[in-house]
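In what follows, a single structure is set out as structure tokens and then discussed.
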Amino acid sequence: MADIKLYFSEELLSWFHIHKRTLPWRQNRDPYRVWVSEIMLQQTRVDTVIPYYERFMDRFPTVTALAEAPEAEVLKCWEGLGYYSRARNLQAGAREVVDNYNSVIPDDADAVAGLKGIGPYTRGAVMSIAFNRPEPAVDGNVMRVLSRYFCLEDDIAKPRTRIQLEHLAKSLIPEGAAGDFNQALMELGALVCTPKSPGCLTCPVMVHCQGRLVGKENVLPIKTKAKPPREERRLVALIEGSGSNVGKVLVRQRPETGLLAQMWELPHLLEEEVVQEGKAIKTGRGRKKKDTIIEESSAVMGLSASPDSGQMEQLGRGLAAETGLLIRPRHRWMEAEHIFSHIIWKLDVFLADFGFVLKEKEIQQMQYETLLQGGLVAAEQKAEYNNFETAPDQLFSGYAASETAASVSGPEQQEVPLPAGYRWIGPEDMRELAFPNVFLRILGNYWSERY
DNA sequence: TACACGTGGCG
DNA sequence: TCGCCAAGTGT
């Protein structure tokens, strides 16, 4: 056993010296650079990380720079990378280093482990790569490589297995070469001992690989399957501004915690299921899965005749209840799908007009009459309009299509105070605000179609 | 322990 | 097409 372990460590290290890739975070051992790279690489491929890493280090070259930056800027730099709490935790960690360690990342495993966003793996990676301390850094690669080489059949999805493998990995670290050895282990997993069809024939430790000797290189490691993601159909409002907000759309910032925390998005809500005769039926129509733009022609039909009217009403009512604002979905515009690890979003995106809120009931009535007289509300849409009269809080909306707003006499349209977190933005504002990819795609479609 | 937490690439 | 999975952490 001792022979097999010694062989493994020595051969692997030799192999690494020859085959290690040139990567941006391997320019030097600056603990900050190592730290940032390790956070970005969590659950994320090398090729995906590289451009983000370059940009990030360019913008935040030091712990101090990161600590002092506005959080929104950090998030924007992370836009598209996913797992956004990593970015917030990283910055929180940077601030801890500035506040508690005189802006120097401590050469101390316990101190490093205490930083936000640093768990067992990252602690080991930073301590070994940056400080060459003999700490194990066990990630998915390492668990796979060790499971195969030592023919271990424990479920690597279980935390206990990771802890056992940490002890094993630590015992393999050659004297004075912790950083290189840990990286070699991961490099082998990434380049040779891959999840599917491992390249055993080019593997530097093949001859003593216990898993392969038993013919189990393709069944190891053992890993229980993850639960399949649940499906959510969501109604999205692409609300177009009028008056002083012409050319802009209404967006909002997500809550501080949870899914896509603090990212910006289009207003949307979970579609409620309609129950009919004992079985649940979605109000939406079955459609294609990927992003699909709905042609304008299909949307011009009368609202009451539209099969989408149920969804549009739900969207209008739901947003009114949530925000106090009234919007008027006009027609289904596109569909999009977004797959998280635990949720699948099926999005129905509706173009919508913004209805400004008036306070006095008489004014509401007067305005409504004005709109009717002006022929601005088609007869067939009247029923739809009336739906708004029973909206929560008895709010009633003037029809805020730009030409309508301009023609309404009597009480001036007031600047409607937006609820906290809501904002009108144009394309140029996308440079500052961080959006998750789904909404980047939708808004990208929108701006490109419009201009 | 189990789940929340993004996104893209690949066979 | 689709399931798997990638340098995990926090709760």
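Things worth noting here:
- Condition check for A:Arg144: part of a helix (DSSP H, G or I) and within 14 Å of DNA strand B (Cβ to nearest atom): no
- Of everything in the stretch A:25-58 that is touching a residue at least 40 places away in the same chain (Cβ under 8 Å), assigned to a helix (DSSP H, G or I) and within 17 Å of the chain's Cα centre (by Cα), the residue that is farthest from DNA strand B (Cβ to nearest atom) is A:Ile39.
- Tabulated pairs, the stretch A:225-247, first at positive phi, second part of a strand (DSSP E or B), C-beta under 8 angstrom, 6+ apart or interchain: none
- Some residue of the stretch A:64-72 being within 16 Å of DNA strand B (Cβ to nearest atom) and at pLDDT 95 or above: yes
- Which listed residue is touching a residue at least 24 places away in the same chain (Cβ under 8 Å) and within 11 Å of DNA strand C (Cβ to nearest atom), from A:Gly93, A:Gly114, A:Gly80, A:Gly119: A:Gly93
- For the condition in a loop (DSSP other than H, G, I, E, B), under 24 Å from the mean Cα position of the chain (by Cα) and either away from DNA strand B (no atom under 16 Å from the Cβ) or closer than 28 Å to A:Asn141 by Cα (or both), A:Gly93 does not qualify.
- Qualifying residue in the stretch A:72-88 (condition: of a type in the set (Ser, Thr, Tyr), crowded, with 20+ Cβ neighbours inside 10 Å and not in a loop (DSSP other than H, G, I, E, B)): no
- Count - residues of the stretch A:107-135 that are open to solvent by less than 20 Å² (accessible area, probe 1.4 Å) and in a loop (DSSP other than H, G, I, E, B): 2
- Checking A:Lys225 against (1) within 11 Å of DNA strand C (Cβ to nearest atom); (2) in the same structural domain as A:Leu12 (by TED's automatic domain parsing); (3) open to solvent by 20 Å² or more (accessible area, probe 1.4 Å), the condition it does not meet: (2)
The values are calculated or read from the model by the stated rules, or taken from the named source; none is laboratory data. In this text the structure is predicted, and so the values were computed from the model without any measurement. No Cβ is skipped: glycine too gets one built from the backbone with ideal geometry, and neighbour counts run over all protein chains shown. Please note that ligands, DNA and RNA were not included when accessible areas were found on the heavy atoms of the full protein model with its side chains. Shrake-Rupley method; radii C 1.70, N 1.55, O 1.52, S 1.80 Å.
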